[in-house]
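> Here it is, the structure in full.
Read-outs throughout are calculated quantities, based only on the coordinates presented, and are distinct from any laboratory measurement. Note that the structure is predicted; figures quoted are calculated from it, not measured. FYI the Cβ positions are ideal-geometry reconstructions off the backbone, even for glycines, and counts take in every protein chain you see.
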């Protein structure tokens with residue numbers, strides 16, 4: 001198995017995982033000030049970063065940054081997990097889906113490039 005293929009499989013980040021991270025991240029938000037709005041804003045930034053990536057290394061870096069941010073936010077919140085509003089839950093879902101689609105496109109492009117290189 002080529003190293004690129006193994007790397008691509010390891011890089012895959014399912015949308016459900018991304019959404020879970022976003023919802024856990026909401027735990028660290030300032031509930032009184034913004035509710036889960038901070039998590040929505042953070043997910044929007046992560047989605048923009050992921051969709052700007054041109055290679056798997058960038059996507060892996062964005063994924064690691066997002067996981068680290070979510071972990072930090074969850075630790076800061078402890079047991080105080082806010083319930084997202086319906087609008088925030090929809091926004092988080094939409095952002096997670098878009099982010100996942102960008103990550104999948106990067107993975108597919110890298111795999112296609114690798115297969116082309118192997119044929120040459």
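> Being in contact (Cβ under 8 Å) with a residue 40 or more places away in the chain, in a helix (DSSP H, G or I) and either exposed (fewer than 12 other Cβ atoms within 10 Å of the Cβ) or at positive phi (or both) is the filter here; which residues of the stretch 77-120 pass it?
118
> Filter the stretch 79-90 down to the residues that are over 12 Å from residue 37 (Cα atoms) and in contact with a helix residue (DSSP H, G or I) (Cβ under 8 Å, 6 or more places away or on another chain) and list them by number.
Matches in the stretch 79-90: 80, 81.
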